[in-house]
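Student: Next up is a structure, given as C-alpha cells.
The values are calculated or read from the model by the stated rules, or taken from the named source; none is laboratory data. Just so we're clear, the structure is a prediction, and the values are computed from it rather than from any experiment. Counting neighbours? That spans all protein chains shown, and the Cβs are built from the backbone with ideal geometry, glycine included. Ligands, DNA and RNA are excluded from the accessible area calculation, which covers all protein heavy atoms including side chains. Shrake-Rupley method; radii C 1.70, N 1.55, O 1.52, S 1.80 Å.
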Amino acid sequence: MGKEPIRFEEAMQQLEEIVQKLETGDVPLEDAITLYKQGMELSGYCHGKLQDAEKQLITIIDEDGKSSPFDPTKGEDSHA
C-alpha cells in the first residue's frame, strides 16, 4: 500500500527535470502548477535528507560512546 521511499539521487534528478520543463515555458498552466507542487515536495524531501545527513556528520561518537559535536577546527592531531 505504501510507496517505496525514493532515493535522494532519484529525487534530485526528478527535481532537475521539473525545473527544466518549467524553464522552457512550453508547459500548459495546469501542468505547470502540478509540476511546481511536485517540485516543492521533492525539494522539501531533499532538504530533509540533507539535514539528516548533516546531523549524522556533525555528531561523532568518542571512545566512551558519548556524542560530541564535531569541531572542524580540531584536526587529526588534537589528541596529541
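Student: Quote to one decimal, in nm, the extra length available between GLN56 and LEU35 on full extension: 0.36 nm per residue of separation minus the C-alpha distance between them.
Tutor: 4.4 nm
Student: Can you order the peptides 14-22, 30-38 by their average number of other Cβ atoms within 10 Å per residue, highest first?
Tutor: Top of the packing list down: 14-22, 30-38.
Student: Using a basic spin-label model with each label point 7 Å from the Cα along Cα→Cβ, how many nm lie between VAL27 and GLU9?
Tutor: Roughly 2.4 nm, to one decimal.
Student: Further, regarding this structure: If you plug each phi of region 40-47 into the Karplus form 6.51 cos²θ - 1.76 cosθ + 1.60 with θ = phi - 60°, what whole-Hz ³J(HN,Hα) values come out, in order, with x for Gly and Pro?
Tutor: Taking θ as phi minus 60°, the curve returns 5, 5, 5, 4, x, 4, 5, 4 Hz for region 40-47.
Student: Taking all protein chains in place and a 1.4 Å probe, what share, in percent, of the accessible surface of region 1-54 do carbon and sulfur account for?
Tutor: Heavy-atom surface of region 1-54 belonging to carbon and sulfur, 1.4 Å probe: 54 percent.
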